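Asker: So that we are looking at the same thing, I have put the structure below in structure tokens.
The values are calculated or read from the model by the stated rules, or taken from the named source; none is laboratory data. Quick caveat: nothing in here was measured; it's all calculated off a predicted structure. Cβ sites come from the backbone with ideal geometry, for glycine too, and all protein chains shown count toward neighbours.
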């Protein structure tokens with residue numbers, strides 16, 4: 001075991017002891033069920049096999065719908081260099097993740113407010129910034145993430161599209177993987193390629209599929225069946241249908257106005273789809289696929305960038 005890993009383990013042990021002590025000081029609310037089923041922050045990666053499937057639009061609207069249903073949601077724009085969540089939502093962040101990695105700002109400093117109370121960590125300008133972090137900087141970042149974990153229920157990671165290394169390590173580090181696909185044949189093919197890579201090279205076997213830009217629910221189900229049939233023949237994976245978002249001109253109008261459709265047109269068909277998806281996400285537990293917490297996600301990210 002390397003010195004860096006050993007120090008990290010010691011730090012994790014100290015943090016765990018601190019959490020245990022803190023928990024012992026809190027009132028026992030198990031009788032109300034408030035703490036009995038608390039499992040910590042859910043880390044969800046939303047990804048796609050190709051660009052142009054409306055993934056970032058899905059991410060922002062799903063987050064808003066989840067927030068409207070009582071969840072505290074944190075988004076991280078992990079499309080390093082080409083992040084566009086802030087543009088989609090008409091936001092103008094002054095700082096981003098790179099300012100944290102460089103030691104100029106804390107995580108709290110760079111958080112920006114989004115619609116419906118969601119919070120966003122803006123994208124940095126390149127993964128190469130991660131490789132320059134020393135052990136002290138990594139532990140400092142992980143300590144700051146500890147504070148965030150207590151403030152949020154769900155972290156949604158908006159990855160870049162495709163099968164690049166950035167996509168794979170962000171996705172593999174998450175607890176749950178949502179794959180966005182459209183009815184276009186190329187989107188289905190590329191989604192399968194992404195799932196195959198994650199399954200064969202990174203031993204990922206659980207995926208949830210969200211069909212975007214569908215004509216209706218019947219078309220969305222047919223898209224899922226096509227993807228599931230191919231995956232079922234060649235891969236040993238679990239592929240679940242999360243739901244769909246129908247093609248709606250209100251989405252186009254909302255994008256032009258740099259607003260989320262759930263915010264600008266809450267009664268639109270697309271907004272109702274996002275509300276239904278949010279309910280399904282809340283109802284669908286992690287089904288035992290718990291890898292870790294928000295610290296685990298960033299530790300995997302930092303370790304991958306550093307080649308450790």
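Asker: Just for strands (runs of 3 or more DSSP E) wholly inside the range 153-226: which have at least 2 residues that are touching a residue at least 24 places away in the same chain (Cβ under 8 Å) and farther than 23 Å from residue 72 by Cα?
Answerer: 206-214
Asker: Then there is this: Determine the pairs where a residue that is touching a residue at least 40 places away in the same chain (Cβ under 8 Å) and at negative phi, located within the range 91-120, has a partner that is surrounded by fewer than 18 Cβ atoms within 10 Å (Cβ to Cβ) and in a strand (DSSP E or B) with Cβ atoms under 9 Å apart, the partner being 6 or more residues away or on another chain.
Answerer: Listed pairs, sorted by first residue: 119/113; 120/113.
Asker: Would you call residue 67 at pLDDT 85 or above and crowded, with 22+ Cβ neighbours inside 10 Å?
Answerer: It is false that residue 67 is at pLDDT 85 or above and crowded, with 22+ Cβ neighbours inside 10 Å.
Asker: Please state which of the following conditions residue 105 fails to meet, knowing it meets all the rest: (1) closer than 30 Å to residue 266 by Cα; (2) in contact with a helix residue (DSSP H, G or I) (Cβ under 6 Å, 6 or more places away or on another chain); (3) at pLDDT 85 or above.
Answerer: (1)
Asker: For the range 241-261, state whether one or more residues are under 19 Å from residue 199 (Cβ atoms), in contact with a strand residue (DSSP E or B) (Cβ under 8 Å, 6 or more places away or on another chain) and modelled with pLDDT of 95 or more.
Answerer: Yes.
Asker: Say whether the condition of being within 20 Å of the chain's Cα centre (by Cα), part of a helix (DSSP H, G or I) and modelled with pLDDT under 90 is met by at least one residue in the range 129-136.
Answerer: Within the range 129-136 (the criterion being within 20 Å of the chain's Cα centre (by Cα), part of a helix (DSSP H, G or I) and modelled with pLDDT under 90), the answer is yes, since at least one residue qualifies.
Asker: Just to verify a result, which residue in the range 222-240, among those that are modelled with pLDDT under 95 and more than 17 Å from residue 190 (Cβ to Cβ), is farthest from the chain's Cα centre (by Cα)?
Answerer: 233
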